[in-house]
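To keep things clear, I will list the structure first and then write my remarks on it.
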Amino acid sequence: MSLLRYDVTTGDWIIFAPERGRRPSHGKQAQAPATEPVQCPFCPGQEATGSKEIFTVRIPSGNGWLVRVIANKYPALRIEDHIQRVEDGRLFRHMGGCGAHEVVIESPDHSVYLAHQSPEQIERILGTLHFRCNDLMRDPRFQTIIIFKNHGEGAGTSIRHPHCQIIATPVVPRLLRLKHRVAVDYFDQSGRCLYCDVLSDEMATGERLLVENEHFAAVLPYASYVPYQIRIFPKHRQASFGRADPRTFRALAELLKTVLQKLHFGLHDPDYNLTLNTVPRGDEDEEYFNWHIDILPRLTNPAGFELGSGMAINIVLPEEACQNLRQVQV
């Protein structure tokens, strides 16, 4: 069973999920080339042996599927667990590992990464994430949704078949609380959305603007945490991804494909983490935030200073990184 324990020294909750230690490894050392999966649980034909199916986008004229959502077999949090807080003493507090943990299998094809999917397929994936986000937030116990993708062994993936994940949590993690608090303070002072102003200034200077279309823009943040970090903003402010207009998802799919292909060809298919940042329950219609996507290549490893201080060390200026990626033809 999972458990959340409160760290009084940081004001954050820590998830203890011993069962996740049993996850299989389908990494580089564990299997044949990606085109030859060995009993991959996400491949067509393995549906009956895998976890419970939650949602599926099926082929209109057949029995196959295009996108599939299943319960994570080794979840960090479980819907069945409780959310009651228990005091273990003056400074110790815990609660049940209540939440949800889902896997979104991006394609029936084991060997086609997200960067090489068609815009139509990426649009289906985005639509599936949007639907699941809204469906999960119907449960009043869940306070926020974390959508993320681990690409590559160095980014934490355990199964090569392209997939992303959704975790619904009963608390708002400290890092997200901090981001929202900074944005709220900025809005209280200026009456404007911080992330909208950041995008406006980035587009005005153009130094770190990588690619844009009618609805979205991708920039390399001025204070990037890691080399070649890319942030994708909607041009039309919306605090919650759940309230985003699905009619814009094709434009997002096309831009996301371009960005990922530039990383793939420009940096030789680097491992990366992708996160989708949105607001917690109750703030869906607030004006202080603009949901966005962060792509963080894993080109360096945080060491003692970063872990001890919480301060990042970036070895590549975003202006230089942006210039390098602009030159990559896709």
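Hey, which of the strands (runs of 3 or more DSSP E) in region 66-162, taking only ones fully inside, have at least 2 residues that are touching a Pro at 6+ places or on another chain (Cβ under 6 Å), surrounded by fewer than 18 Cβ atoms within 10 Å (Cβ to Cβ) and hydroxyl-bearing (Ser, Thr, Tyr)?
Values: elements: 85-87, 93-96, 100-105, 144-151.
Here the list is empty.
Of Ala251, Ala204, Ala223, which residue is under 23 Å from Cys133 (Cβ atoms) and of a type in the set (A, V, I, L, M)? Before you say what the answer is, go through the steps one by one.
Numbers: Ala204 fails: under 23 Å from Cys133 (Cβ atoms); Ala223 fails: under 23 Å from Cys133 (Cβ atoms).
From the options Ala251, Ala204, Ala223, the qualifying one is Ala251.
Regarding Ala253, is this residue small (Gly, Ala, Ser), farther than 26 Å from Glu320 by Cβ and at pLDDT 95 or above?
Working: small (Gly, Ala, Ser): yes; farther than 26 Å from Glu320 by Cβ: yes; at pLDDT 95 or above: yes.
Yes, satisfied.
Just give me the residues in region 48-59 being without any contact (Cβ under 8 Å) to a residue 12 or more places away in the chain and among the charged types (D, E, K, R), in sequence order.
Looking only at region 48-59, we keep the residues that are without any contact (Cβ under 8 Å) to a residue 12 or more places away in the chain, and these are 48-49, 58-59.
Within region 48-59, just Arg58 meets the criteria.
Provide a single number: the residues in region 208-227 that are within 29 Å of Glu306 (Cα to Cα) and either in contact with a strand residue (DSSP E or B) (Cβ under 9 Å, 6 or more places away or on another chain) or assigned to a strand (DSSP E or B) (or both). Please lay out each step first, then the result.
Restricting attention to region 208-227, the residues satisfying the condition of being within 29 Å of Glu306 (Cα to Cα) are 208-210, 218-227.
Within this subset, residues satisfying the condition of being either in contact with a strand residue (DSSP E or B) (Cβ under 9 Å, 6 or more places away or on another chain) or assigned to a strand (DSSP E or B) (or both) are 208-210, 218-221, 224-227.
Residues flagged as within 29 Å of Glu306 (Cα to Cα) and either in contact with a strand residue (DSSP E or B) (Cβ under 9 Å, 6 or more places away or on another chain) or assigned to a strand (DSSP E or B) (or both) within region 208-227 amount to 11.
Could you list, in sequence order, all residues of region 224-241 that are free of Cβ contacts under 8 Å to residues at least 40 places away in the same chain and out of contact with any Phe, Trp or Tyr (no Cβ under 8 Å at 6 or more places or on another chain)? Reasoning before the result, please.
To start, the set of residues in region 224-241 that are free of Cβ contacts under 8 Å to residues at least 40 places away in the same chain comprises 235-236.
Matches in region 224-241: His236 only.
Just wondering, is there one or more residues in region 53-65 that are surrounded by 15 or more Cβ atoms within 10 Å (Cβ to Cβ), touching a Pro at 6+ places or on another chain (Cβ under 7 Å), assigned to a loop (DSSP other than H, G, I, E, B) and at pLDDT 95 or above?
No, that holds for no residue.
Select from region 180-238 the residues that are loosely packed, with under 14 Cβ neighbours inside 10 Å and either at pLDDT below 95 or touching a Gly at 6+ places or on another chain (Cβ under 9 Å) (or both) and list them in ascending order.
Once the filter is applied, which keeps residues that are loosely packed, with under 14 Cβ neighbours inside 10 Å and either at pLDDT below 95 or touching a Gly at 6+ places or on another chain (Cβ under 9 Å) (or both), region 180-238 yields nothing.
Look at Ile122 and say whether it is in contact with a strand residue (DSSP E or B) (Cβ under 6 Å, 6 or more places away or on another chain) and not polar (S, T, N, Q). So that I can check it myself, show each step before the final result.
On the way: in contact with a strand residue (DSSP E or B) (Cβ under 6 Å, 6 or more places away or on another chain): no; not polar (S, T, N, Q): yes.
No.
Matching residues to (1) small (Gly, Ala, Ser); (2) surrounded by fewer than 14 Cβ atoms within 10 Å (Cβ to Cβ):
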{"residue": "Arg281", "(1), (2)": "no, no"}
{"residue": "Tyr288", "(1), (2)": "no, no"}
{"residue": "Trp291", "(1), (2)": "no, no"}
{"residue": "Asp294", "(1), (2)": "no, no"}
{"residue": "Leu299", "(1), (2)": "no, no"}
{"residue": "Phe305", "(1), (2)": "no, yes"}
{"residue": "Ser309", "(1), (2)": "yes, yes"}
{"residue": "Ala312", "(1), (2)": "yes, no"}
{"residue": "Leu317", "(1), (2)": "no, no"}
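The values are calculated or read from the model by the stated rules, or taken from the named source; none is laboratory data. Remember, predicted model here, so these are calculated numbers, not experimental data. Cβ coordinates were reconstructed from backbone atoms using ideal geometry, including for glycine residues, and neighbour counts include every protein chain displayed.
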